[in-house]
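Enquirer: My structure is below; once you've seen it, I'll send some questions.
Just so it is clear, none of the values below were taken in a lab; they were calculated from the coordinates. Source: prediction; values computed, not measured. With ideal geometry, Cβ positions are generated from the backbone for all residues, glycine too; neighbour counts draw on all protein chains shown.
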Amino acid sequence: MTANLLLDSLRNLWDGFVTRLPSIVTGLLVIVVFYLLARVIRYVTRRSLRKVRASEHAAQITARLAFIGVMGLGVLVSLGVMGVNAGALVASLGLVSVGIGFALKDVIENFIAGLILIFQRPFVMGDVVCFGDVEGKVEDVRVRDTVIRMFDGRQVFVPNASIFSRAMINNNRNRSRRLSFEVGIAYSEDVSAAMAEASAALAGVADILADPPSLVVAEELGESSVVLRIYFWIDPVETSILDVRSAAITAVKRSLQNAGIEIPFPVLTVKPSP
């Protein structure tokens, strides 16, 4: 009796399969058609975004999302052709996705933030940026995090969601960046002459921009010197900040020394007690 029941069950399954075989084949053909359509849409989307000069990363992400969207629609249509209640399946998946969403809240938050960064483009790969204590060159902008190579060689993975919760500095967005340093001259020296010498020295440094012009100002009267503040501009993309700053300090020091302008050491006056 058990064997007969098993045979009847297998026969019923086979009959059901044969009956639904045309719809199953049609559903599989629908999936194939949507797969080909999704590939075409992915290709067209990528080409279109490249023509409007979108970043390569944004073009890839958009094309991939378009491919996934078309394939998801194809699966639903295919299930409907096969006789599966797609509406009930979508409702079930919706309930499951709510639970997954609560469990993966941080991952989803970083994913959405990554998409915003990719399309909004507050920075691109190669820019030097600063997020709080993290400063360095952007190596990659991914969907979940941003990869930054710090100047000491360490690699930092910054979650994209945290980028929106703090101030972000992009050092390369503007092709001119101002640097400054101080130099002190003796009280007995001519301040105007020292300022002119410093300005001439900056003009001789190759990587300092002529526009905006450099600026030398008397900043304060220090304890043992008149402090001059020297401002100048560089292109942070084409030049090294450390190299240009070092060259500027060296040039100003040499120019003041050649002009006979004293750069004093700190002076401490000790008076005997009465």
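Enquirer: Could you let me know the centre-to-centre spacing of segment 63-80 and segment 149-224, using Cα atoms, in angstrom?
Expert: With segment 63-80 and segment 149-224 each reduced to a Cα centre, they are spaced 54 Å.
Enquirer: For Glu219, what is the net charge nearby, where nearby means another residue's Cβ is under 10 Å from its Cβ and Lys, Arg count +1, Asp, Glu -1?
Expert: Residues close to Glu219 contribute a combined charge of -1.
Enquirer: Next question, about the same structure. How large is ³J(HN,Hα), in whole Hz, for each residue of segment 248-257 in order, when computed from phi with the Karplus curve 6.51 cos²θ - 1.76 cosθ + 1.60 and θ = phi - 60°, using x for Gly and Pro?
Expert: Values per residue, Gly and Pro as x: 5, 4, 4, 5, 5, 4, 4, 5, 5, 5 Hz.
Enquirer: Name the aspartates and glutamates eligible as straight-distance cross-link partners of Lys137: C-alpha to C-alpha under 15 Å, and not fewer than 8 places from it in the same chain.
Expert: Straight-line reach from Lys137, under 15 Å: Asp127, Asp145, Asp152, Glu238.
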